[in-house]
Amino acid sequence: MPETPSHLPVLIRRAELRDLDGIAAIQAASPEAARWDVADYLTYECWVAISEDRTAGYLVSRTLCEGESEILDLAVAPEFRRKGIARGLLQKLLTVSNRSIFLEVRASNLAARNLYKGFGFQEVAVRAEYYNLPAEAAIVMKFHSC
């Protein structure tokens with residue numbers, strides 16, 4: 001099993017039907033997370049991080065067109081944050097993908113923006129009032145696979 005920087009044993013694998021309750025719980029505990037319908041996640045590329053026999057985090061992406069994909073959501077359960085779970089999930093996606101990857105992130109979510117920048121994502125645009133509750137701009141970021 002790969003380990004995160006805090007040496008927490010984590011298994012990262014494709015999500016399955018049995019993971020949806022854990023994903024929904026993480027989404028509910030993460031106000032900054034996207035509010036996509038969890039039931040649809042298995043129709044996309046969905047990865048889960050399993051630690052201590054629990055779903056610790058998840059990442060969902062979809063193909064936009066040939067050579068491009070988009071991260072729909074990346075979230076980690078509050079008790080597993082700051083332990084390298086998001087980093088492991090993002091690394092898995094970048095390892096299996098050879099496409100350019102886009103995402104939107106809340107302008108105020110500096111931790112996420114810094115995580116993405118650390119992987120080579122660049123800020124390419126701003127979408128004013130993209131989010132609600134509260135209203136906030138989204139920063140569009142892009143990773144070039146080549």
Show me the trypsin sites (Lys or Arg not before Pro) within segment 28-128 that DSSP assigns to loop and that have at most 13 other Cβ atoms within 10 Å of their Cβ. 35, 82
Calculate the FRET efficiency for residue 68 and residue 119 from the Cβ-Cβ distance with a Förster distance of 22 Å, rounded to the nearest 0.05. 0.85
Please tell me the relative contact order of the chain in percent, rounded to the nearest whole number, where contacts are Cα pairs under 8 Å and at least six residues apart. 19
Give the separation of the Cα centroids, segment 16-57 to segment 62-140, in Å. 15
Neighbour count of at most 14 Cβ within 10 Å plus DSSP loop: longest GluC sites (Glu not before Pro)-free window in the chain: 67-146
Ranked on Cβ counts within 10 Å of their own Cβ, fewest leading, 110, 64 go 110, 64
Helical contribution to [θ] at 222 nm, DSSP H n ≥ 4, -39,500 (n - 2.57), averaged over the chain, rounded to 500: -6000 deg cm²/dmol
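The numbers here are math on the coordinates, done by the rules we state, and not lab data. On a predicted model such as this, the values are computed, not experimentally measured, just so you know. Virtual Cβ from ideal backbone geometry, glycine too; neighbours counted across all protein chains shown.
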